[in-house]
Each structure stands twice: as structure tokens, then as C-alpha cells.
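Student: Mind looking over this structure? Questions follow.
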Amino acid sequence: MERTNHTAAFPEHRRLRCDHSLLLRHTIVAFSWLVFAVSSALGQQKPTDFQVKAAYLYNFGRFVEWPTKVTAAQGEPFTVCVLGQDPFGPTLDATLAGERIGGRSVVARRISSPQESEHCQILFLSPTEGSHVSKIIEVVDKKAVLTVSDMPQFAERGGMIQFVLDGNRVRFEVNLTATQHAGLTLSSELLKVATTVRRDPLPGD
Amino acid sequence: MLNIKNYSISKKLTWMNMLVSGVALLLACAAFFAYDLYTFRIGIAHNLSTEAQIIGSNTVSAIVFNDSHAAENTLSALKASPNILYAAIYTPDGDTFSAYWRDNGGKALPLPAIPTGQTQAHWLVDGQMALVQSIVFQGKLTGFVYLRSDLRAIDGRLKSYAVIAATVLLISLVVALLISRISQRVISEPVVQLAQTVRIVSHEKNYSIRAVPTGHRDEVSTLIESVNEMLEQIQQRDSALQQAHDELEHRVQERTAQLAVANRELDLRNREVERATQMKSKFLASMSHELRTPLNAIVGFSDLLAEQTAGQLNDKQKRFVNHIKQGSAHLLQLINDILDLSKIEAGQLELRCEAFQVSDALPEVLSTIRPLAMAKHIAVQHKLGTDLPVYADRVRFKQILYNLLSNAVKFTPKDGRIDIDCYQTRDAVCISVADTGIGIRAEDQKLVFEEFRQVEGSNANAHQGTGLGLAITKRLVEQQGGSISLESEIGKGSRFTVTLPSGREASSASPPPAVAAPLAPAVAISRIKPLVLIVDDEFSARELLASYLDPDYRIATAESGVEALEKAKQLHPDVITLDVLMAKGSGFETLVGLRKDPETAKLPIIILSIVDQKEVGFALGATDYLVKPIRKPALLETIQKYVPTQVDDDSAILLVDDDPKTLELLQEALRSAGYETQSVQSGARALEVLSSKLVGAVLLDLLMPGMDGFQVIRHIRQEESLRELPIFVMTAKNLTSEEMDLLSRETQGFFQKHAPWQKQLLAEIARVTHGGRRAKGAGQG
């Protein structure tokens with residue numbers, strides 16, 4: 001008799017549990033659909049200039065060869081530093097998350113002084129630092145740090161890559177003299193897509 | 001091509017060479033072509049892939065930094081490759097980044113999917129080769145290159161290939177043809193020559209021709225050698241055959257010459273033999289007449305003497321007459337047998353086969369045999385079916401039966417028994433005669449059928465026979481398409497079985513009238529024959545009495561007194577003969593019984609007994625009393641006394657014969673039977689008598705000087721008033737079948753002097769003359 005009761009009771013439990021899981025699944029499906037719809041709506045939106053610039057920062061890392069002493073520091077992440085007031089916000093971190101360059105993971109760091117650029121491979125100079133660009137460049141000179149900025153005349157002033165707007169499109173200029181001086185080798189591919197490649201003599205030389 | 005089987009060997013070889021080389025070349029070309037096509041296509045794909053990779057690596061930065069212009073520049077460099085129809089760069093998402101058309105045409109194509117896990121895929125579409133190459137930069141999928149190339153290169157290659165293949169094929173075939181033309185001579189020419197040689201040999205039959213050897217050492221030369229060897233052998237055999245043939249022909253000629261001589265000799269001998277046969281026939285004919293006529297007189301007169309019609313004889317005389325009778329009868333039998341045998345051997349025996357019942361022929365033979373059997377107290381019994389037709393010559397059939405039965409009687413001791421058994425097999429009739437005689441030893445069983453053979457050691461009776469009976473019997477049976485067999489055990493008896501064709505098959509053939517059979521009388525006789533009831537317990541005794549009475553009386557029989565009383569009441573016989581010593585009661589009781597019954601009280605009853613108790617018999621009411629053994633004439637005479645016979649006409653019988661002794665014999669026989677007779681010695685005289693006097697019948701001899709019997713018959717039948725006059729012919733002549741036919745047609749019966757004729761003659765005459773027999777005191781012959 002008892003056995004019969006047990007077996008009779010068992011499907012009751014199961015049905016209850018099934019109902020729970022079904023409900024849960026429905027909820028998840030509905031939620032995911034919502035998330036997907038939102039994100040796809042966001043994705044379809046034209047990327048902002050800073051999103052593009054963040055992606056370019058990462059891609060520069062792929063087309064530039066750093067001297068071997070820098071790249072030999074294995075185990076350390078490839079670091080993209082932002083000096084000054086950060087114009088990217090979370091966009092940069094989102095862009096770099098999960099990417100790898102030369103087998104190393106890529107991270108973003110915010111620094112407040114050029115002296116902190118010791119472990120940086122790429123240094124983005126916020127437009128807020130425009131007043132003392134030359135000083136910063138002097139600090140990072142010969143440290144094999146690729147300097148990038150979107151402030152005007154950055155390349156003329158000794159910066160390596162300067163974002164420029166060509167209509168709606170974000171493009172960049174390259175100061176080949178500066179990069180060669182810092183011991184960095186830029187891929188011809190990168191040069192091919194640059195708007196301008198400067199080969200100016202170094203200021204102060 | 002369809003009739004390639006009938007081509008000559010050289011053509012076949014050429015064809016074969018061409019076919020083989022052609023097929024081989026075609027196959028080779030096809031294989032090369034297929035392989036080249038395959039590798040070429042792979043090459044194209046490889047080239048395309050290389051190109052795609054170059055494009056990919058050249059456009060990585062353009063994609064990465066979204067510089068479609070740079071990509072376009074890169075793609076436009078493809079103008080240098082005329083085969084590339086279309087090229088395009090796609091972002092990793094599959095969006096077209098940059099596109100290039102060789103002919104400046106159209107929109108960008110959508111990116112085809114490539115299988116996951118592969119960086120490249122190529123396929124054929126619309127006669128073009130399509131290739132998708134993923135662009136990977138630093139381990140990261142950066143975009144896709146899509147190329148489409150036309151296959152004009154392949155088409156061109158195909159065309160040039162076809163031209164080359166055709167040229168190679170053509171040249172190879174021509175070369176193969178030339179080579180086969182030259183090489184086949186080595187093989188086919190000797191074969192062709194051999195074939196020609198063989199044809200000539202078989203056509204001209206000239207086996208001296210030889211095939212020419214090739215001088216090589218191959219199968220063909222072996223074949224030629226073998227053929228030559230064969231021809232050699234054939235030639236040898238041919239000449240041997242020819243020699244044998246010539247020899248044979250020579251021998252045949254020799255033999256033919258010998259044969260011709262032998263033939264001439266044979267012809268001469270044949271003629272001699274023919275002459276001798278003719279002489280023998282003549283001799284036989286004259287023998288039959290010349291020997292039988294005087295012998296007939298001896299037999300007849302000794303019979304008459306013995307029956308004491310010419311006066312009483314004393315015992316000695318009786319004995320002497322009996323010796324004469326027996327001796328002459330034996331001599332007559334011997335002469336008849338020898339004549340029969342001679343006729344059979346000379347092939348002159350004429351058989352007149354017909355279908356008739358055995359039961360028609362048997363009683364007559366039995367009536368002759370029974371007296372002989374009775375004398376030795378031998379019981380003769382027969383089992384005879386009613387319907388047992390046999391196809392045979394009636395006279396000869398009786399002779400066969402008579403021979404077998406007399407043989408059986410001869411070799412069966414006193415108180416023995418003879419059984420006759422007749423039965424039908426599928427298509428034959430078997431008649432067996434079994435006796436309880438001395439038997440025949442196994443080694444002698446074949447000899448008994450040979451002429452003049454008698455089994456040695458047999459008793460004195462054996463010598464009574466001529467030794468010809470069984471030999472004649474065997475030949476007669478065989479000549480009628482039958483067979484005879486013998487089973488015998490010494491001391492127990494013998495059984496002769498004759499098998500003759502059944503008359504059932506032959507019954508459709510209308511049987512011609514028999515020789516000595518009673519013929520239908522021309523004058524109808526309405527008189528009913530008197531009925532005699534024979535009462536005797538012994539079968540053979542009844543049979544004997546019946547045979548005595550046969551033609552003149554109707555017979556009824558009874559085995560016992562009781563049966564006799566019944567039948568007497570039932571049938572009202574004219575006379576009853578009664579035995580006394582019977583197994584079931586005495587005949588005297590039966591006599592008393594018959595006399596008591598008013599219906600039978602007045603019947604004449606004649607007692608026939610072995611015991612002589614006449615006083616008792618007469619006292620009990622017997623009409624007459626005879627003591628056994630009873631002689632036939634005595635019985636007939638006695639019965640005659642009590643049977644009322646009608647006597648109408650007393651017409652005389654005219655006897656015609658040139659032999660006075662025969663005339664006297666006939667006269668005596670007929671007169672003693674109660675007939676008036678008149679004798680004349682020539683045919684002419686007979687016709688004179690007939691023209692002036694009315695006679696009851698004519699008894700006519702055939703062989704007479706002057707007018708013979710046939711002429712007399714013709715004259716009588718021409719006379720209107722004499723057309724129905726009964727004529728009987730009595731002759732010693734051997735009748736031919738035509739003569740028999742004539743006699744059957746024109747006369748009422750004919751008798752041959754060598755056969756027992758008296759009784760039958762009297763019976764026949766009695767039938768046609770309204771019973772002219774009169775009871776007389778004198779004995780009857």
C-alpha cells in the first residue's frame with residue numbers, strides 16, 4: 001500500500017518542478033530576446049568616434065613592432081594608457097576586453113603623469129594635456145611608447161599618430177620620424193591607410 | 001565489321017591490331033586527359049587561392065582601418081589577371097567591403113558561406129571557378145576574399161589536347177596498320193598457303209602435293225609439318241586401298257566367273273530336279289490310284305466276308321478273314337501315310353483352311369476310335385466347350401485327331417484311360433490327348449515325331465503302326481500354322497498337345513464346304529429321326545452307343561435308372577437301351593419302373609448287358625436282350641426292328657464304275673442295306689440308263705476310260721429333269737481344289753476310296769432317298 005502511495009505521489013512532485021523550470025525558461029527566453037533587441041539596436045547604431053578611436057588604438061598595436069626588449073617582457077599585458085582626462089569612458093575597456101596582441105592580453109590604464117608611462121605600449125594623450133605635449137613626448141621619448149592623440153597638430157609637434165576627421169570618417173596621420181626615433185617599426189600596411197605620413201626632422205634635433 | 005568472322009586471317013589480324021592499338025591509345029589519351037584536367041583544375045584553384053591570400057594580406061589594414069578606397073586600389077590591380085571575373089572583400093560580418101568586376105558590371109555578390117573550420121573553399125559554378133578565402137590577421141578573422149575565375153584556360157587546354165590526341169591516334173593507327181601489314185605476313189601467309197594446299201589436295205584428290213614449310217619454328221610450321229605427315233599417310237593408305245580395291249575387283253571377277261559356271265551347273269541340276277519332281281508327282285498320282293483301287297477291293301470284300309453277308313463262315317475262316325482285314329487295313333493306312341508324307345515333302349499338300357467348331361469334327365473321329373478303345377477296355381473321355389472354333393483344314397484336322405487318338409489307344413494298356421481336352425487360349429485353340437500309357441523317355445521324345453521311328457522297347461502293339469502317324473501329324477499341324485508338343489513320363493503316360501490358330505479371327509472368311517463333310521441334301525427331307533434313349537452309367541459306353549446310332553437317330557442319354565424314368569416320361573423316346581449293372585441300382589429295377597408307368601409301359605426297351613440273363617429280362621418285360629460287347633450292325637438291326645420306319649419309294653441306285661470289282665463291292669454293300677442297285681461300267685452307258693429309267697441316286701466314279709465322271713456330271717446337270725438328281729462321287733483320285741469346288745457345287749457328296757467311306761455313304765444315301773433302308777433278315781454292311 002505504502003509503495004503504491006509513494007509512486008502515486010512522485011509524479012506530483014515532478015509536475016510541480018517541471019512547471020517551475022518551464023516558467024524559468026520562459027522568463028530567460030523573454031529576457032534574452034529583450035537584451036538582444038536592445039543590443040542589436042545599439043549595434044546597428046553608427047559607432048561613435050570614440051568607439052572607432054578605441055578600436056584604432058587596439059589595431060595600431062597589431063601593425064606596430066616594438067623593439068624586442070619590450071616585447072620580451074612576457075607575462076605582462078599589452079597596456080594601452082590614457083593620460084589626462086579619459087574621453088573614452090568604459091568604451092575603451094569594452095573594446096580591449098578579450099583581445100590579444102602578440103599573445104598578450106590587452107588592458108587599459110589611466111595615468112595622470114607621463115612618468116607613469118613606464119609599462120605603456122600605447123599612450124593616448126587626452127586633449128586636456130595639449131598644453132604640455134612637448135614635455136610629455138620628451139618624457140616618453142626613447143621608451144618605445146607609441147604616442148597617439150586627437151589633438152590638432154599633434155603629429156607636427158612630435159606626436160606619432162594623430163587622429164583626424166575626414167568627413168565623417170576617423171582617419172590618422174603618421175609621424176614616421178618620431179616612430180623611427182622611438183625604435184618602433186610601422187607596418188607598410190598601416191602607412192598605406194594613413195592620410196599623411198610625415199618624415200619631419202625631430203624638433204630639437 | 002559484322003562479318004568479321006568470315007574475313008580472311010590476314011584481314012582479321014589487321015583488324016585485331018588496329019582495334020587493339022586504337023583502343024589502347026584511346027584509353028591512354030582519355031586517362032591522360034582526365035588526369036590533366038584534374039591537376040589543371042587543382043592548379044587553377046591553387047593559383048586562385050594564392051591570389052586570394054595576397055589580396056587578403058594586402059587589404060587587412062584597409063579593412064581594419066575601414067579604408068575601402070585602399071581596398072579598391074588593391075583589387076583594381078587584378079586587371080592584370082584577365083581570368084578573374086570578379087573579386088570582392090567582405091568584413092567578418094559578411095558585409096561587402098569592396099568589390100571588383102572585370103567587365104565593370106553589376107552589384108557585389110553576397111558572400112557564400114564556407115564550411116566552418118575551413119579557411120578556404122572552392123567550387124565550380126556556371127562554368128566558372130569560385131573561391132572564398134578568409135582573411136586572418138594575427139590569428140584573428142579579419143574578413144573574406146571572394147574570387148571568381150573563368151575556365152577559358154581549361155577550354156583552350158581541352159581543345160589543344162583533343163587536337164594532339166587525334167593526331168597521335170591517327171599517326172599511331174597508320175603506323176600500326178603498316179606494322180601489322182608487314183608482321184601478319186609472317187603468320188597469315190603460311191596459313192593461307194596451307195589452306196590453299198589443303199583445298200587443292202581435297203579438290204583434286206591428289207595426295208602427292210605437299211605444303212611448303214616456312215622455315216620458322218612456330219606452331220604454324222608444326223601444323224604444316226603435321227599436315228604433310230598426314231598427307232604422306234593418306235597417300236600411303238590411298239595407294240594401299242587402291243591396291244586392295246584392285247585385288248578385290250580381280251577376285252570378284254574371278255568369283256563371278258566361277259559363279260557363272262556354278263550357276264550354269266545349278267541350272268542344269270535344277271532342271272533335272274524339276275523333272276524328277278514332276279516324275280515323282282506323276283508317280284504319286286498313279287500310285288494313289290493304282291495301289292488303292294485293288295486294296296480297296298481287298299478291304300471291302302474282307303469286310304463283307306467278315307460280316308458273313310455271303311454266307312456263314314466257320315471259326316477258322318473267320319480268323320483268316322480277320323487277318324486279311326487287319327493286314328489290308330494296315331497296308332491301306334501305310335500307303336495313305338506314305339502318300340501323305342510324300343505330298344507334304346513335295347509341297348503338294350493342298351490345305352483348305354476354314355473356321356469350324358471342334359465339336360463338329362470330334363464326334364466323327366471318336367466314332368472311329370471308340371470301337372478300338374472298347375476292345376481294350378479303354379475309357380475315352382473328353383471335355384469340350386460348345387464354342388471352340390478352329391481355323392484349319394477340316395479333313396486334315398480329323399486326321400490329326402485320329403492319329404493322336406489311335407496312337408494313344410495303341411500305347412495304352414488294357415483298362416486305361418484317354419482324356420481329350422480342348423480349350424481356347426488368346427488366339428489359338430489347344431487340343432490335348434492324354435493317355436495312361438507306357439510313356440516315352442525324355443531322350444526319345446523328339447524322335448517320336450521323326451519318320452519311321454518307333455520308340456524302342458515298346459510292346460508288341462507298337463509294331464502295329466506304320467511309324468508315320470506322328471510325323472505326319474506334326475507336319476500337318478505345322479503346315480496349318482500350329483504346333484505340337486509332348487509331355488511324358490515313363491510308365492505314367494503321355495500328353496500330346498496340338499495348338500492351332502483360333503477360328504475366331506478367321507471366321508469372317510466364308511468357309512468353303514468340306515471334302516468329306518455331309519453336304520446339304522438337294523432334296524429336302526422332312527422326316528424326323530427316331531429318338532433313342534441310352535441308359536448306361538459309363539460315359540464311354542454311352543458315347544460308343546451314341547456313335548453307333550449317330551447319323552440315323554437322335555440320341556438322349558441317362559446315367560442312372562432314376563434319370564432314365566424321368567427322361568422317358570419327358571421325351572417319349574422311340575426306343576430305350578438299358579444297361580443292367582449300373583452303379584446306382586440295377587437296370588432290371590428301372591425296367592420294372594418303366595413298365596409300371598402307363599406313359600412308358602408300351603415303349604420298346606432293349607437290354608444291353610454284359611451279363612446274360614435273358615430269361616429274367618424278358619420276364620420283367622424287356623423287348624429285346626443283347627449281350628455286350630455289342631457290334632454295331634447287331635445293335636442297328638435290333639433297333640431297326642422296333643422303330644417304325646417309313647418306306648416310300650424304292651428307287652434304285654445307279655452305280656457307275658469301270659472297275660467290276662468296285663461295282664460288285666458297292667452293289668453288295670448297298671443291297672445289304674436294303675437298296676436296289678443297277679451297275680454300269682461307263683459314263684455313256686450311265687447316261688443311257690438315266691434317259692430311260694428313273695433312279696433314286698447316282699454313285700459315280702471319276703476316272704473312267706472314255707467319258708469320265710466330270711463329263712457325266714455335266715451331262716446330268718444339263719438335263720432339266722435330272723437337275724435335282726442326287727449324285728455321289730466315289731474316287732481314288734487325288735482331287736485338286738478346283739475339282740473339289742466343282743464337286744461341292746454339283747454333287748451331294750464325294751468320298752475318297754482310301755478313307756473309311758462305307759458308313760457315311762450309306763447315311764448320305766439314306767438321307768436323300770427318303771430312308772430307302774428296309775429291315776431285312778440279312779446283316780447289313
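Student: Where residues in the range B:143-170 are in a helix (DSSP H, G or I) and of a type in the set (Ser, Thr, Tyr), which of them is modelled with the lowest pLDDT?
Tutor: B:161
Student: Any idea which of B:619, B:669, B:601 is at pLDDT 80 or above, among the small types (Gly, Ala, Ser) and closer than 25 Å to residue B:310 by Cβ?
Tutor: B:669
Student: Return yes when residue A:163 is of a type in the set (Phe, Trp, Tyr), touching a residue at least 12 places away in the same chain (Cβ under 8 Å) and in contact with a Leu (Cβ under 9 Å, 6 or more places away or on another chain) and no when it is not.
Tutor: So residue A:163 fails the test.
Student: Which one is modelled with the lowest pLDDT, of the residues in the range B:534-573 that are of a type in the set (D, E, K, R), part of a loop (DSSP other than H, G, I, E, B) and surrounded by fewer than 20 Cβ atoms within 10 Å (Cβ to Cβ)?
Tutor: B:550
Student: Looking at (1) under 17 Å from residue B:10 (Cβ atoms); (2) in contact with a Leu (Cβ under 8 Å, 6 or more places away or on another chain), find the lone condition where residue B:197 falls short.
Tutor: That leaves (2) as the condition not met.
A quick yes/no check of all residues on (1) of a type in the set (Lys, Arg); (2) buried (at least 22 other Cβ atoms within 10 Å of the Cβ); (3) under 18 Å from residue B:501 (Cα atoms):
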position	(1), (2), (3)
B:386	no, no, yes
B:397	no, yes, yes
B:405	no, yes, no
B:425	no, no, yes
B:443	no, no, no
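Student: Residue by residue through the range B:55-73, note down the ones that are surrounded by fewer than 21 Cβ atoms within 10 Å (Cβ to Cβ) and either hydroxyl-bearing (Ser, Thr, Tyr) or modelled with pLDDT of 90 or more (or both).
Tutor: Matches in the range B:55-73: B:57, B:68.
Student: Spot the failing condition for residue A:117; the list is (1) in contact (Cβ under 8 Å) with a residue 12 or more places away in the chain; (2) more than 14 Å from chain B (Cβ to nearest Cβ); (3) within 20 Å of residue A:52 (Cβ to Cβ), and only one is missed.
Tutor: Of everything listed in (1) in contact (Cβ under 8 Å) with a residue 12 or more places away in the chain; (2) more than 14 Å from chain B (Cβ to nearest Cβ); (3) within 20 Å of residue A:52 (Cβ to Cβ), residue A:117 misses just condition (3).
Student: Give, as residue ranges, the helices (runs of 4 or more DSSP H) completely inside the range A:39-106 that count at least 1 residues that are at pLDDT 85 or above.
Tutor: The helices (runs of 4 or more DSSP H) meeting that bar are A:49-63, A:90-96.
Student: Additional query: Within the range B:725-746, can you find the residues that are in contact (Cβ under 8 Å) with a residue 40 or more places away in the chain and among the β-branched types (Val, Ile, Thr)?
Tutor: Across the range B:725-746, the qualifying residue is only B:736.
Student: List the number of the failed condition for residue B:497; all other conditions in (1) assigned to a loop (DSSP other than H, G, I, E, B); (2) among the hydroxyl-bearing types (Ser, Thr, Tyr); (3) at pLDDT 85 or above hold.
Tutor: All conditions pass for residue B:497, except number (1).
Student: In the range B:31-70, which residue that is hydrophobic (A, V, I, L, M, F, W, C) and in contact with a Lys or Arg (Cβ under 7 Å, 6 or more places away or on another chain) is farthest from residue A:62 (Cα to Cα)?
Tutor: Checking each candidate, the answer is B:40.
Student: If I filter the range A:159-173 down to residues being closer than 15 Å to residue A:137 by Cβ and among the hydrophobic types (A, V, I, L, M, F, W, C), which single residue comes out as surrounded by the most Cβ atoms within 10 Å (Cβ to Cβ)?
Tutor: Across the range A:159-173, the extreme among qualifying residues is A:160.
Student: Mind checking whether some residue in the range A:184-192 is under 24 Å from residue A:96 (Cβ atoms) and in contact with a Lys or Arg (Cβ under 8 Å, 6 or more places away or on another chain)?
Tutor: no
Student: Could you give every pair whose Cβ atoms fall below 7 Å, whose first residue belongs to the range B:305-322 and is surrounded by 14 or more Cβ atoms within 10 Å (Cβ to Cβ), and whose second residue is modelled with pLDDT under 85 and hydroxyl-bearing (Ser, Thr, Tyr), counting only separations of at least 6 or pairs across chains?
Tutor: That search, which allows pairs on different chains as well, returns B:309/B:672; B:321/B:302.
Student: Kindly evaluate residue A:98 against the criterion of being surrounded by fewer than 17 Cβ atoms within 10 Å (Cβ to Cβ), within 14 Å of another protein chain (Cβ to nearest Cβ) and within 16 Å of residue A:60 (Cβ to Cβ).
Tutor: It is false that residue A:98 is surrounded by fewer than 17 Cβ atoms within 10 Å (Cβ to Cβ), within 14 Å of another protein chain (Cβ to nearest Cβ) and within 16 Å of residue A:60 (Cβ to Cβ).
Student: Name the single residue, out of those in the range B:38-68 being farther than 14 Å from residue B:148 by Cα and hydrophobic (A, V, I, L, M, F, W, C), that is farthest from the other protein chains (Cβ to nearest Cβ).
Tutor: So the residue we want is B:40.
Student: Turning to a different aspect of this structure: Within the range B:577-586, is even one residue part of a helix (DSSP H, G or I) and surrounded by fewer than 18 Cβ atoms within 10 Å (Cβ to Cβ)?
Tutor: No, every residue in the range B:577-586 fails to be part of a helix (DSSP H, G or I) and surrounded by fewer than 18 Cβ atoms within 10 Å (Cβ to Cβ).
Student: Let me ask something additional. With of a type in the set (D, E, K, R), in a loop (DSSP other than H, G, I, E, B) and away from every other protein chain (no Cβ under 14 Å) as the only criterion, which of B:12, B:107 stands out?
Tutor: Among B:12, B:107, only B:107 is of a type in the set (D, E, K, R), in a loop (DSSP other than H, G, I, E, B) and away from every other protein chain (no Cβ under 14 Å).
Student: Now, a different point. Pairs, please: C-beta under 6 Å, at least 6 apart or cross-chain, first residue closer than 14 Å to residue B:79 by Cβ and in the range B:101-114, second in a loop (DSSP other than H, G, I, E, B) and basic (Lys, Arg)?
Tutor: none
Student: Follow-up question, since we're still on this one. Can you name every one of the strands (runs of 3 or more DSSP E) wholly within the range A:134-205 that holds 2 or more residues which are more than 14 Å from chain B (Cβ to nearest Cβ) and modelled with pLDDT of 90 or more?
Tutor: Once the strands (runs of 3 or more DSSP E) in the range A:134-205 are filtered for at least 2 residues that are more than 14 Å from chain B (Cβ to nearest Cβ) and modelled with pLDDT of 90 or more, what remains is A:146-149.
Student: Out of B:346, B:329, report the one residue that is surrounded by fewer than 17 Cβ atoms within 10 Å (Cβ to Cβ), closer than 17 Å to residue B:286 by Cα, at pLDDT below 85 and of a type outside the set (S, T, N, Q).
Tutor: Of the residues listed, the single one that is surrounded by fewer than 17 Cβ atoms within 10 Å (Cβ to Cβ), closer than 17 Å to residue B:286 by Cα, at pLDDT below 85 and of a type outside the set (S, T, N, Q) is B:346.
Student: Can you find a residue that is crowded, with 16+ Cβ neighbours inside 10 Å, closer than 25 Å to residue B:16 by Cβ and modelled with pLDDT of 85 or more anywhere in the range B:204-214?
Tutor: no
Student: I'd like to know if the range B:276-293 contains one or more residues that are in a helix (DSSP H, G or I), among the β-branched types (Val, Ile, Thr) and either in contact (Cβ under 8 Å) with a residue 40 or more places away in the chain or surrounded by fewer than 16 Cβ atoms within 10 Å (Cβ to Cβ) (or both).
Tutor: Yes - at least one qualifying residue is present in the range B:276-293.
Here's the yes/no breakdown for (1) more than 14 Å from chain A (Cβ to nearest Cβ); (2) farther than 16 Å from residue B:53 by Cα:
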{"residue": "B:131", "(1), (2)": "yes, no"}
{"residue": "B:137", "(1), (2)": "no, no"}
{"residue": "B:141", "(1), (2)": "no, no"}
{"residue": "B:149", "(1), (2)": "yes, no"}
{"residue": "B:156", "(1), (2)": "yes, yes"}
{"residue": "B:162", "(1), (2)": "yes, yes"}
{"residue": "B:165", "(1), (2)": "yes, yes"}
{"residue": "B:169", "(1), (2)": "yes, yes"}
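The values are calculated or read from the model by the stated rules, or taken from the named source; none is laboratory data. Keep in mind the model is a prediction, meaning the values are calculated, not measured. Neighbour counts are summed over all protein chains in view; Cβ atoms, including those assigned to glycine, are modelled from backbone coordinates with ideal geometry.
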